[in-house]
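Report on the structure given below.
The values are calculated or read from the model by the stated rules, or taken from the named source; none is laboratory data. Just so we're clear, the structure is a prediction, and the values are computed from it rather than from any experiment. Every residue, glycine among them, receives a Cβ derived from its backbone with ideal geometry; neighbour counts consider all protein chains shown. The accessibility values were calculated without ligands, DNA or RNA, using every heavy atom of the protein model including side chains. Shrake-Rupley method; radii C 1.70, N 1.55, O 1.52, S 1.80 Å.
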Amino acid sequence: MQTEISSQQTLRPVQILGINDVGVESANDEMTAGRALPWLQPIAGDDVWTLWQVEYRDVVILGPGDERLGVFNLTVHDLADPVNYAELLAQLLDAANE
């Protein structure tokens, strides 16, 4: 999806990245194997998931001032379904063109 978005002209760039939760670092190698997705690992004491009020597999869509524009959960909306893929793509492109 990042490649598809990057090939389009938008007002602002879109960067997709993952943020793991503290305490599940052991799966980092598996999560990043064969992928180019930037992957951040908070350290103990940085409770990013609680601060951002996210759930497992949430995509948080941020605006140009890092304001939260939306959340799209990949467990509920599996991207293998073309309708879900198109919806997330549209939300990201809308945010980039706001």
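Starting from residues that are open to solvent by 80 Å² or more (accessible area, probe 1.4 Å) and not in a loop (DSSP other than H, G, I, E, B), keep the ones in the range 61-98 and report whichever is modelled with the lowest pLDDT. In this case the residue turns out to be R68.
Kindly check whether there is at least one residue in the range 33-51 that is part of a helix (DSSP H, G or I), modelled with pLDDT under 90 and closer than 23 Å to E98 by Cα. No. In the set (1) free of Cβ contacts under 8 Å to residues at least 60 places away in the same chain; (2) within 14 Å of the chain's Cα centre (by Cα), the condition left unmet by D81 is number (2). Against the conditions (1) on the phi < 0 side of the Ramachandran plot; (2) outside any strand (DSSP E or B); (3) open to solvent by 60 Å² or more (accessible area, probe 1.4 Å), T10 satisfies every one except (3). Across the range 36-52, the number of residues qualifying as under 14 Å from the mean Cα position of the chain (by Cα) and either open to solvent by 90 Å² or more (accessible area, probe 1.4 Å) or touching a residue at least 40 places away in the same chain (Cβ under 8 Å) (or both) comes to 2.
Within the option set E4, E25, E55, being surrounded by 10 or more Cβ atoms within 10 Å (Cβ to Cβ), of a type in the set (D, E) and in contact with a strand residue (DSSP E or B) (Cβ under 9 Å, 6 or more places away or on another chain) holds for one residue only, E55.
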